[in-house]
Amino acid sequence: MFKCLWILILCSSLPILAQHFKVDGPVNNQKVYNSATVPIKYTILPQKIESVHTPTSLDVTFQWTRRNDSKLTQSLSAATGLCMDPNSDRSQSKSYTTYWKTPSCRFFLRYQATEWAFSFIFTPKYSQSSTTLTKNNHLEQAPITIPLDVHQNITSHPKCPPILI
């Protein structure tokens, strides 16, 4: 009996991991081509009314990391300040879509998919970023990483000749 009470007390004092949104697209390892428009889709999940510490906006970063050296990472902003407004009563999901055009074939000639790993990083932004633990014992949601499978489409772009070895 004492064990059960102790476990109950311990569990009630642990912070609750926040899950404010989910990424609907692109999906993990989705094929992405140069100079293509990629839909960025995300859904605000239903929240309890007392969970007031929700993200105010969402930033999406396009990141590429050297396959043989993970310390060599570069990125550029794909979208900033995306809307994170929940449904008015917070009991239902609310979906959003925006679009981003991938870099041209010249970019992917420089950063080839055989040498670089590409991904989108979805980072929620909070109005109080000084602490990760709020009054209601809720944690801020961690960024979501979506790996991408980049393909170079050079046939439709005459300015990008095939690579000659």
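Numbers for the structure displayed
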read-out: Out of Thr65, Thr80, Thr123, sole residue that is touching a residue at least 40 places away in the same chain (Cβ under 8 Å) and within 21 Å of His20 (Cα to Cα); value: Thr123
read-out: Qualifying positions in the range 112-155 - among the aromatic types (Phe, Trp, Tyr) and modelled with pLDDT of 95 or more; value: Trp116, Phe118, Phe120, Phe122
read-out: Selection count, the range 73-94, where residues are closer than 15 Å to Thr56 by Cα and either at pLDDT 95 or above or assigned to a strand (DSSP E or B) (or both); value: 6
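The values are calculated or read from the model by the stated rules, or taken from the named source; none is laboratory data. None of the values given here were measured: they were computed from a predicted structure. We place every Cβ from the backbone using ideal geometry, glycine too, and count neighbours over all the protein chains shown.
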